[in-house]
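One structure is given here, and the rest of the page talks about it.
The values are calculated or read from the model by the stated rules, or taken from the named source; none is laboratory data. As the structure is a prediction and not an experimental result, all values here were calculated from the model. Using ideal geometry, Cβ is built from the backbone for each residue, glycine included, and neighbour counts are taken over all protein chains shown. In case anyone asks, the SASA skips ligands and DNA or RNA and just uses the protein heavy atoms, side chains included. Shrake-Rupley method; radii C 1.70, N 1.55, O 1.52, S 1.80 Å.
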Amino acid sequence: MDHDKTSQPEVSGDLKTQALWTFFTNHGHVLIALAKDPDITLRDIAESVGITERAVHKIISELEEEGYLTRIRVGRKNQYKLSFDRPLRHPLEYHRSVGDVIRLILAP
């Protein structure tokens, strides 16, 4: 079955021109952004994920509350330490950890 290129989602460029759905939730995207840069600002996370700063703040609070990350105050900024050994939450993925996903996505 042939698929013409116009039906394929874009994979680069502005977030607004990309596919309407992705394989990871915003929580997953925030974790990946924090793994890439533990000193990243909420504004930069929001921009890279394509959500509001308020949504990022809520997600970080939820992740911290569930033990997936620790927020460390460094001067006037926050630094984030991920708990790579924490299992994923869904029963289909529970046998894997946050670290497994991060290593898969950020591997060279």
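Report every pair of residues separated by at least 6 positions or lying on different chains whose Cβ atoms are under 7 Å apart, first residue within segment 78-106 and at positive phi, second aliphatic (A, V, I, L, M) and open to solvent by 60 Å² or more (accessible area, probe 1.4 Å). Listed by first residue and then by second, the contacts come to nothing, as the list is empty.
Looking only at residues in segment 74-96 that are in a strand (DSSP E or B) and under 14 Å from the mean Cα position of the chain (by Cα), the one that is surrounded by the most Cβ atoms within 10 Å (Cβ to Cβ) is Y80. Restricting attention to segment 27-60, the residues being farther than 17 Å from V98 by Cβ, open to solvent by less than 60 Å² (accessible area, probe 1.4 Å) and assigned to a helix (DSSP H, G or I) number 4.
Within segment 35-57, residues that are closer than 15 Å to T25 by Cα reach partners that are among the polar types (S, T, N, Q) and assigned to a loop (DSSP other than H, G, I, E, B) with beta carbons closer than 9 Å, at six or more positions or on different chains, in the pairs A46/T52.
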